[in-house]
Amino acid sequence: MNNQLRNLFFIWSMILLSIILTVIPVPDLLDQYRLPWLKMTVIFFSIFNISLIGIISVWFSGLILDIMTGGLMGENALILAVLSYLSYRFRFQIRVYPMWQIMLIVLMLLSLGELISLWINGVSGTMSFNIYDWINVGIAVLVWPIFMRVLEKMQSLFLE
Amino acid sequence: MPLYPQQRINRFEKNFSAYRLIIVVIISCVLMYQDYQKNYLPALRVYLSASLYPVQYLINLPKNFIQKLNTNFSERKKILQENKVLKKDNFELRSQIQQVYKLESENKRLYDLLDSQPKKDNSYIFADIIAVSPIAEKHQIVINKGSRDNVVIGSAVADSNGILGHIIRDQIFGSEVLLISDREHAIPIEIVRTSLRSIAVGIGNYNELRINTLPTNTDVKTGDVLITSGLGGRYPEGFPVGTIKDVINNPGESFLEISVTPFGNLKTINEIWVIQPTEVN
């Protein structure tokens, strides 16, 4: 029970941290380069530690992000649920890949997220292609190895 | 009881089952559709955002605090000078306002004579900005007055220079404002010099609005001042919006491409007014 509680606390603090990183005010220079932290966190845990999250909790975290950013309610929730499901389905293959292949998979997943977001924006009538979203996907893939190591380290520190 | 490999896999299968995904996707689609249509869900969204308001406030606290600190510690000399300018401004404005009282009463009397609808008076609520939308193409801000302070959805928001936007969502303790520079925003305007009415739309740039609906033979010049026309009922009549920066007449096009510089400081907003119409007899 104690262990479960600790897991719950750990995963939700990670999710909250990612949401805060996404919405925290930063200087104008950095404002364009906001990485999709929540998507990265969700992909990581759906591949490497599936005991911590499920589709429903991922969906709720997306809903929180939607409300905090003032976007269409359910947009990020839908994208995150799909990404999480896909990562979970292919987790056995991905886990044994070398790092550069994992990075490729992450690139594909994040691009898929951007495509779904474009599609939703198109349907709701505000289609706008923002080059920075794609640049950020690229940066996210480049920092993925560091991101992964940090999360692994945190896991080994806070979980049994 | 030992766990067989198959069982171990299936332990988490429930959390990630395809059924859950399908259900969640359907719920998301319904939510998005309802949020887009704005007919059933506003209340749900209001309560959700109100519950997240403290988080938002805390996240933006350091930035707002540093801003306040900066203004508090700005030099004494500067403040004295500012005070001087403000006193002068105040004196000028007060002497001008003396005539306004007379004009206002005269105007009201004439309206009464015409037996038209009662003129609408405006009430002003002072508010501070709390957060700016982190998404670059969404020009939205969050202010610290909501339905608890009688702010109504749809009210116009302005700073001392001109119109900034209007309130689109309520968060009980705060509210979300859509700026006039957002792509989804259009504001009915009137050119002061010619009383010509049109619509200025946002293009996702903080320093520019655009008018695309005036034919090429229209009388517009660079430097013309735009005010709100009051049509559509959302924005009160007669508030300054911006000046015309550029008039481009593309050969072969039947409409002018007019770019407008807004008066309000959309990028560096600090204190704002919420303008609300109140009926007077």
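Does A:Thr69 fit the bill of being at the interface with chain B (Cβ under 7 Å from one of its Cβ atoms) and of a type in the set (Ser, Thr, Tyr)? For A:Thr69, the condition - at the interface with chain B (Cβ under 7 Å from one of its Cβ atoms) and of a type in the set (Ser, Thr, Tyr) - is met. Of the residues making up the stretch A:42-66, those that are open to solvent by less than 10 Å² (accessible area, probe 1.4 Å) and more than 10 Å from chain B (Cβ to nearest Cβ) are A:Val42, A:Ile43, A:Phe44, A:Phe45, A:Ile47, A:Ser61.
List every residue pair whose Cβ atoms sit under 7 Å apart, with the two residues 6 or more apart in sequence or on different chains, where the first one lies in the stretch A:9-26 and is at the interface with chain B (Cβ under 8 Å from one of its Cβ atoms) and the second, anywhere, is outside any helix (DSSP H, G or I) and β-branched (Val, Ile, Thr). Partner pairs satisfying both residue conditions: A:Pro25/B:Val132. The condition of being under 19 Å from B:Ala158 (Cβ atoms), touching a residue at least 40 places away in the same chain (Cβ under 8 Å) and polar (S, T, N, Q) does not hold for B:Ser259. Across the stretch A:72-90, which residue is farthest from A:Ile146 (Cα to Cα) among those that are open to solvent by less than 10 Å² (accessible area, probe 1.4 Å) and more than 8 Å from chain B (Cβ to nearest Cβ)? The extreme case among them is A:Ile79.
Can you spot a residue in the stretch B:219-233 that is more than 11 Å from every other protein chain (Cβ to nearest Cβ), among the polar types (S, T, N, Q), under 30 Å from B:Gly252 (Cβ atoms) and surrounded by fewer than 20 Cβ atoms within 10 Å (Cβ to Cβ)? Yes, the stretch B:219-233 contains at least one residue that is more than 11 Å from every other protein chain (Cβ to nearest Cβ), among the polar types (S, T, N, Q), under 30 Å from B:Gly252 (Cβ atoms) and surrounded by fewer than 20 Cβ atoms within 10 Å (Cβ to Cβ).
Sub-6 Å Cβ pairs linking a first residue in the stretch B:200-213 that is more than 12 Å from B:Ile187 (Cα to Cα) to a second residue that is of a type in the set (D, E, K, R) and not in a strand (DSSP E or B), at least 6 apart or interchain, are B:Gly204/B:Glu137; B:Gly204/B:Arg183; B:Tyr206/B:Lys267, ordered by first then second residue.
The values are calculated or read from the model by the stated rules, or taken from the named source; none is laboratory data. Note that this is a predicted model, so its numbers are computed, not measured. In this analysis, Cβ positions are derived from the backbone assuming ideal geometry, glycine residues included, and neighbour counts consider all displayed protein chains. Heads up: the accessible areas ignore ligands, DNA and RNA and are worked out on the full protein's heavy atoms, side chains in. Shrake-Rupley method; radii C 1.70, N 1.55, O 1.52, S 1.80 Å.
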